[in-house]
Amino acid sequence: GMHVDHNFEGGKTAVYYVNDNDGYTKFEDGTIVESVANRIVIFDSNIKHTGTTCTNALGRFVVNFNYWL
(Lines give C-alpha, C1' and ligand atoms only; values in the text may rest on other atoms or scores of the structure.)
Protein backbone atom coordinates (compact mmCIF):
# COMPACT_ATOMS: atom_id res chain seq x y z
CA GLY A 1 0.00 0.00 0.00
CA MET A 2 0.89 3.67 0.05
CA HIS A 3 3.88 4.42 2.27
CA VAL A 4 6.75 6.82 2.82
CA ASP A 5 10.37 5.66 3.05
CA HIS A 6 11.43 8.26 5.65
CA ASN A 7 10.15 11.47 7.23
CA PHE A 8 13.54 13.12 7.72
CA GLU A 9 14.11 16.65 6.40
CA GLY A 10 16.09 16.52 3.15
CA GLY A 11 15.61 12.78 2.65
CA LYS A 12 15.44 11.54 -0.93
CA THR A 13 14.36 8.26 -2.47
CA ALA A 14 15.53 6.96 -5.83
CA VAL A 15 13.91 3.97 -7.51
CA TYR A 16 15.99 2.38 -10.28
CA TYR A 17 14.06 0.12 -12.65
CA VAL A 18 16.17 -2.88 -13.68
CA ASN A 19 13.86 -4.47 -16.27
CA ASP A 20 10.96 -3.64 -18.59
CA ASN A 21 7.56 -4.85 -17.39
CA ASP A 22 3.97 -3.68 -17.02
CA GLY A 23 4.36 -2.77 -13.33
CA TYR A 24 4.75 0.79 -12.09
CA THR A 25 5.22 3.12 -9.15
CA LYS A 26 2.17 5.18 -8.22
CA PHE A 27 2.28 8.35 -6.15
CA GLU A 28 -0.45 9.69 -3.86
CA ASP A 29 -1.25 12.48 -6.35
CA GLY A 30 -2.02 9.88 -9.03
CA THR A 31 1.26 10.19 -10.95
CA ILE A 32 2.42 6.88 -12.40
CA VAL A 33 6.01 6.03 -13.38
CA GLU A 34 6.17 2.94 -15.59
CA SER A 35 8.81 0.27 -15.04
CA VAL A 36 11.22 0.82 -17.93
CA ALA A 37 14.71 -0.69 -17.80
CA ASN A 38 17.45 1.78 -16.82
CA ARG A 39 14.98 4.46 -15.69
CA ILE A 40 15.35 6.16 -12.32
CA VAL A 41 12.83 8.31 -10.47
CA ILE A 42 13.99 10.54 -7.60
CA PHE A 43 11.62 12.16 -5.10
CA ASP A 44 11.37 13.40 -1.52
CA SER A 45 11.29 10.42 0.84
CA ASN A 46 8.20 11.72 2.64
CA ILE A 47 5.98 11.48 -0.49
CA LYS A 48 3.51 8.60 -0.31
CA HIS A 49 3.94 6.00 -3.04
CA THR A 50 3.38 2.33 -3.81
CA GLY A 51 4.65 -0.25 -6.25
CA THR A 52 2.70 -2.83 -8.23
CA THR A 53 3.36 -6.35 -9.40
CA CYS A 54 3.76 -7.17 -13.08
CA THR A 55 2.07 -9.74 -15.32
CA ASN A 56 4.28 -9.80 -18.40
CA ALA A 57 7.71 -10.65 -16.95
CA LEU A 58 9.25 -13.10 -14.49
CA GLY A 59 9.38 -10.28 -11.94
CA ARG A 60 9.49 -6.54 -11.42
CA PHE A 61 13.06 -5.78 -10.39
CA VAL A 62 13.92 -2.42 -8.82
CA VAL A 63 16.67 -1.05 -6.61
CA ASN A 64 15.57 1.43 -3.96
CA PHE A 65 18.01 4.04 -2.63
CA ASN A 66 17.35 6.29 0.38
CA TYR A 67 19.77 9.12 1.06
CA TRP A 68 20.08 12.56 2.64
CA LEU A 69 21.43 15.77 1.17
- prompt: Pairs under 6 Å by beta carbon, first residue closer than 16 Å to residue 3 by Cβ in region 24-43, partner at pLDDT 95 or above and among the charged types (D, E, K, R), six or more apart or different chains?
  reply: 24/34; 28/48
Restricting region 45-69 to residues that are β-branched (Val, Ile, Thr), within 21 Å of residue 4 (Cβ to Cβ) and in a loop (DSSP other than H, G, I, E, B), the residue that is most open to solvent (accessible area, probe 1.4 Å): 53
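Got at least one residue in region 4-17 being in contact (Cβ under 8 Å) with a residue 60 or more places away in the chain and either closer than 15 Å to residue 63 by Cβ or within 8 Å of the chain's Cα centre (by Cα) (or both)?
Within region 4-17 (the criterion being in contact (Cβ under 8 Å) with a residue 60 or more places away in the chain and either closer than 15 Å to residue 63 by Cβ or within 8 Å of the chain's Cα centre (by Cα) (or both)), the answer is yes, since at least one residue qualifies.
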Search result, residues across region 24-44 that are closer than 19 Å to residue 66 by Cα and either among the charged types (D, E, K, R) or open to solvent by less than 60 Å² (accessible area, probe 1.4 Å) (or both): 25, 26, 27, 28, 33, 35, 39, 41, 43, 44
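The values are calculated or read from the model by the stated rules, or taken from the named source; none is laboratory data. What you see is a predicted model, and the numbers here were worked out from it, not measured in a lab. So basically every Cβ, Gly included, is an ideal-geometry build from the backbone, and we count neighbours across all protein chains shown. Surface accessibility is based on the protein's heavy atoms, side chains included, excluding ligands, DNA and RNA. Shrake-Rupley method; radii C 1.70, N 1.55, O 1.52, S 1.80 Å.
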